[in-house]
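The values are calculated or read from the model by the stated rules, or taken from the named source; none is laboratory data. These numbers come from a predicted model, not from an experiment. We place every Cβ from the backbone using ideal geometry, glycine too, and count neighbours over all the protein chains shown. Quick note on the areas: whole protein, heavy atoms, side chains included, nothing else; ligands and nucleic acids left out. Shrake-Rupley method; radii C 1.70, N 1.55, O 1.52, S 1.80 Å.
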Amino acid sequence: MHPSMGLVPSTDYDRASLSPLTISNGPLCRHVRDAAIALEVLAGPDGRDYHSLPFDPPDLLTGLDAGVDGLRMAWTGDYGFTGIYEQAESPRVIEHVRQAALGFSSLGASVEGTDETWVDFFDGFMAAAPLVMMMAVTVMAPPSVADWTASLDARQRNWEAFRRVFGHHDLLLTPTSQLVAWTVDDWDAAWTTGKEAFAHGVFGPGTYTSHTHLQNWLGFPAVSVPCGFVDGLPVGLQICGPPGSEARIFRAAAAFQGAFPPPELPPAS
């Protein structure tokens, strides 16, 4: 057993299994600089890992504090499809995060909405899961040829949508989630007794990861930064970029955190 197992992201090489293609390890830190340092350690080539990048990770620290002057940023609150996963608090969360995203304008970046639309990831991802997620092979039947083809087509449509956005913008801004934290009882019911109330009859993937799952499915880098509170609960701004843009993403995250540091504690009565 590795001494850091369960404490930091890691790959267990003692188990004969492949890492899922749709899940990425990443650091959870209080400060952007700490996250950049941690990711430099985590990233890079490893002959034991079938899915590691075969080249050295980029320098994430040089230029971290260079600011965002001149960067072009796009905003989407719903990707054109996440309304099917909306909950009661979602409009308030999305508007709060949108206002936070516009804060980049005061730092020298341009922020504009995009009318680009993506397609719901759920059916395509679930069809692909038995083939790309080794953990699911024993509990899910392989997809039919038609379902596999449709999954690839949906993934390609979403890939092309991102390519169009990044053809004119450096980064894409979205809510990290359109939900706030739920009570333990509501959370438990969402995954068990009450899951049929949600789109597709499940809580996650879908409702729970409506705004982050595309990045997992396509392997695009993204970071979440705190951007305040809704109903007294924390919400986040997701900063996304094309593959290889991690340094730019961290640069934007550092600028945001420096200009709009979150309060240490939420408001309390």
Area of R33 that stays accessible when all protein chains are in place (1.4 Å probe, Å², to 10): 100
Cα centre as origin, Lys/Arg/Asp/Glu Cβ charges: the chain dipole, Debye: 320
Residues with amide H under 5 Å from that of V230, placed H, sequence gap 5 or more: V235
Pairwise centroid distance, computed over Cα atoms, of the stretch 40-54 with the stretch 62-91, Å: 28
Mean projected area in nm² (Cα convex hull; one quarter of hull surface) for the stretch 63-118: 4.7
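Only bridges whose two residues both fall in the chain count here: according to DSSP, what percent of them are antiparallel, nearest 5?
Percent antiparallel among DSSP bridges in the chain is about 60.
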Surface/4 estimate of mean projected area, convex hull on alpha-carbon atoms of the chain, nm²: 16.0
Probe 1.4 Å - accessible area at R163, Å² to nearest ten: 140
Overall form of the stretch 149-208 per C-alpha gyration tensor (a/c, 1.5; a/b vs b/c): oblate
Those residues of the stretch 79-110 whose amide nitrogen sits under 20 Å from the label point placed on A66, 7 Å along Cα→Cβ: 104-110
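Taking Cα atoms of the stretch 55-95, Rg/Rh with Kirkwood Rh, to two decimals?
1.21
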Modelled FRET efficiency - R0 41 Å, E264 with A88, Cβ distances, 0.05 increments: 0.90
Stretch gain in nm, segment V145-D115, where the contour uses 0.36 nm per residue and the Cα spacing is subtracted: 7.6 nm
Accessible area (Å², 1.4 Å probe, nearest 10) - M73: 0
Gain in span if fully extended, Y50 to E196, counting 0.36 nm per residue against the direct Cα distance: 48.9 nm
Expected 222 nm ellipticity per residue - DSSP helices of 4 or more, -39500 (n - 2.57), all of the chain, to 500: -9500 deg cm²/dmol
Gyration tensor (alpha-carbon) shape descriptor, the stretch 34-103, a/c threshold 1.5: oblate
Linear extension gain, L102 paired with T183, 0.36 nm per residue minus alpha-carbon span: 26.1 nm
Descending Cα extents along the principal axes, the stretch 196-265, whole Å: 42, 35, 10
Accessible area expressed per residue, the stretch 62-195, with surrounding protein chains retained (probe 1.4 Å, Å²): 52
Theoretical FRET efficiency, 1/(1+(r/R0)^6), r = Cβ-Cβ of H168 and N25, R0 22 Å, to 0.05: 0.10
